[in-house]
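The block underneath contains the structure these notes are about, expressed in C-alpha cells.
All of the numbers you see were taken from the coordinates with simple rules; none came from a lab. Nothing here was measured: the structure is a model prediction, and the numbers come from that model. Using ideal geometry, Cβ is built from the backbone for each residue, glycine included, and neighbour counts are taken over all protein chains shown.
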Amino acid sequence: MTSFHVSPRQRALLSPVADVLESLGYINPESVPSGSSVLVHAFSNGRFTVSSASVPLVDSCHQGGAAQVVTLSDVLKDRAAKRTHGHKDSYDVPSALILDSAPGDSSIGSAVAAFTITIRSPFIRYPAMFIAWLIFASLFLFHALLGRKRQMEEVTRALQRTHLLPWIGEATPRLYIYSKRDALIPYTTVAQHAAEARALGYAVDTEVFDKTMHVAHMRSDPDRYWAAVQRVWRTATDAAASHS
C-alpha cells in the first residue's frame, strides 16, 4: 500500500463525501449495496466527481482532482479499518475510473505552468514565471533535503492501488483521456501511467486527442468524448456481469 500524506484540512474537506458514501454502505467491498454502480471521473489536478445509482453527484474541487481521489481513498480506508479487515474484489458492482488530463508530473516546469498559464501579457507572465520558478525550485530543494517525496509522485503511485476505492478492483476498467497539446500536463506522463497500469494487469483504455487543450476535450469534441465514456462504462458493466 502506498503511503500518501493527507493534511487534516484536506481530510476535512472530503468528510461530507465520505459521510454520504458511508451512510450508503460504500466503505468496504463487502458492504457495497447490490445493484449499485459507481463511476469516478477525475479532472486533471483540479476537480473530480463521484456518480452512482445511489449518489447522483458528489462534487468537490478544493484540491487536485487526482489527488482528491487518493485522499478519498485514504479517508475511506481509515473508516473501513475500524469496521473490518481484508479486501475482496467487488466484481458484481459495475465501476470505472476515468482520468481526464491526469495524472500530472512533479516537475518544476509543470508547477510553474499551472500558476502562470492564465497570464496573457508577456510583460507580466515572464517575470511571474521567473518568480514562480524560484519559489518552486526552493520548495523542491527543501523537500529533497528532508527526504520528502513530492505530492504528485505520491499521487501517481497511489492511483495504481488495486483497491483505490472500496468498489474498485483489478477488473475495474480505467480510461485515460488526454491531449498531446496539453500545456499543463505532459501527455507522455499520462501515457506512461496508463502503460504502467496496463502492465499491472488493469483493464486500460485511452482516448488521445491531438489538438485539444487542458481538460478541454469534451468541449472540443463532445461526441468523441462521451463515446469514450460510454465505451468504458460498457466494459465495466460487462466485467461485472461476467463475475456475477
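Give the Kirkwood hydrodynamic radius (Å, one decimal) of segment 111-184, defined as one over the mean of 1/r across all pairs of different Cα atoms. So the Kirkwood estimate lands at 15.5 Å.
A simple spin-label model places pseudo-atoms 7 Å from Cα toward Cβ; at Ser34 and Gln160 they are separated by 3.7 nm. Among Phe123, Phe115, Phe136, Phe130, a tally of other beta-carbon atoms within 10 Å of each Cβ gives an order, fewest to most, of Phe123, Phe130, Phe115, Phe136.
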